[in-house]
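These notes are about the structure you will find just below.
The values are calculated or read from the model by the stated rules, or taken from the named source; none is laboratory data. Please read all numbers here as calculations on a predicted model, not as lab measurements. Cβ: placed from backbone, ideal geometry, glycine included. Neighbour counts: every protein chain shown. To get the accessible areas, we keep the full protein, side chains included, count just its heavy atoms, and leave off ligands, DNA and RNA. Shrake-Rupley method; radii C 1.70, N 1.55, O 1.52, S 1.80 Å.
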Amino acid sequence: MTETNNLNSILQNVTRRELRDLVRTQLQMLLEVGDLQGAKAILVPVQPADIAEAIEGLPEAMHALAFRLLSKAEAIEVYEYLDYSVQEHLIEELRSQDVRDIVDKMSPDDRARLFDELPAKVVNRLLEQLSPGEREATAQLLGYEADTAGRIMTPEVISLKENFTVGVALERIRTLANASEMIYYLYVTDSARHLTGMLSLRDLVTSQPDEPIGDIMTRDVVFVHTDTDQEEVARLIQRYDFLAVPVVDREHRLVGIVTVDDVIDILQQETTEDIYALGGGVQSDGDNYFQMNLLEVARKRVVWLFVLLITNTITGTIIKSQEDILAKVVTLTAFIPLLTGTGGNVGAQSSTVVIRGMNTDEIRSLGALQVVGREAIAGALLGVMLGTIATVWAFFLQGRIEVAIAVGVSLVAISVLASISGSALPFLFRFLRLDPALMSAPFITTAVDVLGVLIYFNLARVILKL
């Protein structure tokens, strides 16, 4: 009890990050000495999300032991916050009945996402253990394509009828509130479950008890279909500041809702995948990169590194083919890294802003040619500024104005080339239904390195009259 009181006083003066580290440290220490009662006591005042992070930070052998300290209600809530790899490990470690109780009480959308990460044999076994209603709800979600609104929605939604009075509607909400994930938005359907309108809980409770729902609802409802891409759903909720958006099938029947907490997870996952891809062709597939097997990490990264290896070999071959000009003006070699490195950075900047614009729909109103043209102009401006500095610097180092001009003009040309490549390739790969973030980086490097070196040597031949 003393440990619990001490922890409560500490909790008032720490940040959430410090809290997570503090709980994990004390939890691990108590588990190592076998003080299960003390370990259970320190978890009492901690929020489920923080408990989940604390458990994830423990050695893998302690995951199941720490999880068993929780009550059934706490365990169900904490389990939904855990990383998929930890959830899978707990399924293997816990007794069959414990697993059934936890998985059966999960919300259908969270359960479907968990099943996406598990081996097929485990999924089939868990489906058999679910109650009939939960099995049907989960099978319905798993029947939709991955990464669509149908796959991430929850079917637990309260629907009302237009002829309901406000009093009847409130009574229905009181009865079904525990069976619905969201009651702040209320959706109205006809006898065939077609979505006809919506209203907020605020509109409902501020209306007269005998007023018909049809008189206070909004008929202009923003909705998505079951096959709408999950990123489009996320952008829709973000654009309109919704807490949830209804999902309808092709017959316009209400089948579920996507809530804002699911959207936050989607945005984080998609952003993480794009950043990993931009950072060197790493495909995370939604997994925690730092919990992945190192052999798997190496396998995912080596492909694009091999592409870059081939690129550098081609660049080396081009340089070797220019031995005649290099023999006459050896100083040209010194500026090759400067030109290719600058071009690579300019291309990476262009591709990053274009890919980000694609993901956020900021460039939807602009055509591909307009975006590429804009980036080409930006590249020319950057090239002029950098080229001027490079010309002065090259003359200061080498003392030959011809070499300095060749370096400066080449830098302008390479900057324009890099900007065009960096902005155009994402559009090309999206048209080919390839991931722009994953594909752009190695191809931009290839274009800038190979073509940049060719531009440099050919301009040098012209300017130096060789």
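As a calculated quantity, the FRET efficiency between residue 202 and residue 381 at R0 = 35 Å, using C-beta atoms, amounts to about 0.10. Heavy-atom accessible area with a 1.4 Å probe sorts 252, 89, largest first, into 252, 89. What does a probe at residue 191 reach in segment 158-180, counting residues whose amide N is under 18 Å from the point 7 Å along Cα→Cβ? What the label zone holds, given the 18 Å backbone N cut-off, is 160-165.
Counted residue by residue at 0.36 nm each, then reduced by the alpha carbon distance between them, the extension gain from residue 334 to residue 392 reaches 19.4 nm. Cα centroid separation, segment 220-259 to segment 178-205: 14 Å. Largest first, the residues 161, 328, 121 sort by 1.4 Å accessible area into 121, 328, 161. Rolling a 1.4 Å probe across the protein heavy atoms gives the chain an accessible surface of 52 Å² per residue.
Surface calculation, 1.4 Å probe, protein heavy atoms: residue 392 sits at approximately 100 Å² accessible. Contact order, relative form, for the chain: 10 percent (alpha carbon pairs under 8 Å, 6 or more residues apart, mean separation divided by residue count). Within segment 410-440, name every residue whose backbone N is under 18 Å away from a label modeled 7 Å from Cα of residue 466 along the Cβ vector. Within reach of a label on residue 466, which here means backbone N under 18 Å from a point 7 Å along Cα→Cβ, segment 410-440 contributes 410-411. Using a simple spin-label model with pseudo-atoms 7 Å out from Cα toward Cβ, residue 36 and residue 400 lie 8.1 nm apart.
One Cα centroid belongs to segment 400-433, the other to segment 307-367; the line between them spans 7 Å. Taking a point 7 Å from the Cα of residue 430 along the Cα-to-Cβ direction, the residues of segment 135-166 with backbone N closer than 20 Å to it are 147-149. Above 14 Å, the calculated P(r) of segment 30-89 contains 50 percent of its Cα-Cα pairs. On full extension, the segment bounded by residue 21 and residue 47 gains 8.0 nm, given 0.36 nm per residue less the C-alpha separation. Per residue, the convex hull spanned by the alpha carbons of segment 19-146 comes to 100 Å³.
Principal axis extents of the C-alpha atoms in segment 153-242 (largest first, rounded to whole Å): 41, 26, 26.
Computed from the Cα positions only, the extents of the chain along the three principal axes stand at 90, 64, 46 Å, in decreasing order.
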